[in-house]
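Remarks on the structure that follows.
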Amino acid sequence: MIQLALARHAKSDWADEGLDDHDRPLNDRGRRDAPAVARAVLRAGVRPETIVSSTALRARETAAVFAQTFDAALTEHAELYLAEPDRLLATARAAGGDEVMVVAHDPGMSALVSRLADRDVRMVTCAVAVFTWNDGTWDDVDVIAPDEFELFTP
């Protein structure tokens, strides 16, 4: 079984206009949404063993909440910051597990989720899309339609 969870970071803070985009933290809503969505994903039986995150602060903060909720290993990858869909998928494949979560940014996240779901999906902040290939391997991802697709939103 391959299970791929694709998460867009939670809502970030735009209060400090002088702050570099990479260094924007979560705002109050983001800090509320991340644990709530993580618990909903866990209640649905999804528990990634590995989480890979963009190095942007808002993504790292979101990923840390998910990692704590799922008791999952967390690594950060600079190439996930504003990554294109192919980079997001390649990083997930290289993570070394069968149940992987990627925490990153739009527009790449919405593009990849839409591609894998074979329909237009808008990934709002803190949305998590979960794809499952029951008898699949990573070679099936993006080649064969998933057996299951579920979208969690705040």
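Only the coordinates and a few stated rules stand behind these numbers; no lab work does. Small disclaimer: the values here were computed from a predicted structure and weren't measured. Cβ sites come from the backbone with ideal geometry, for glycine too, and all protein chains shown count toward neighbours.
When log10 I(q)/I(0) by the Debye sum over Cα atoms at q = 0.10, 0.18 Å⁻¹ is calculated directly from the model, which label among [x] -0.30, -0.99; [y] -0.33, -0.98; [z] -0.35, -1.11 fits?
[x]
Using alpha carbons only, how many angstrom separate the centre of the range 65-117 from the centre of the range 1-29?
13
Quick one: putting +1 on the C-beta of Lys and Arg, -1 on the C-beta of Asp and Glu, what dipole do you get for the chain around its Cα centre, in Debye to the nearest 20?
540
For an R0 of 30 angstrom, estimate the FRET efficiency from the Cβ-Cβ distance between T55 and R32 and round to the nearest 0.05.
Using R0 = 30 Å, I get an efficiency of 0.80.
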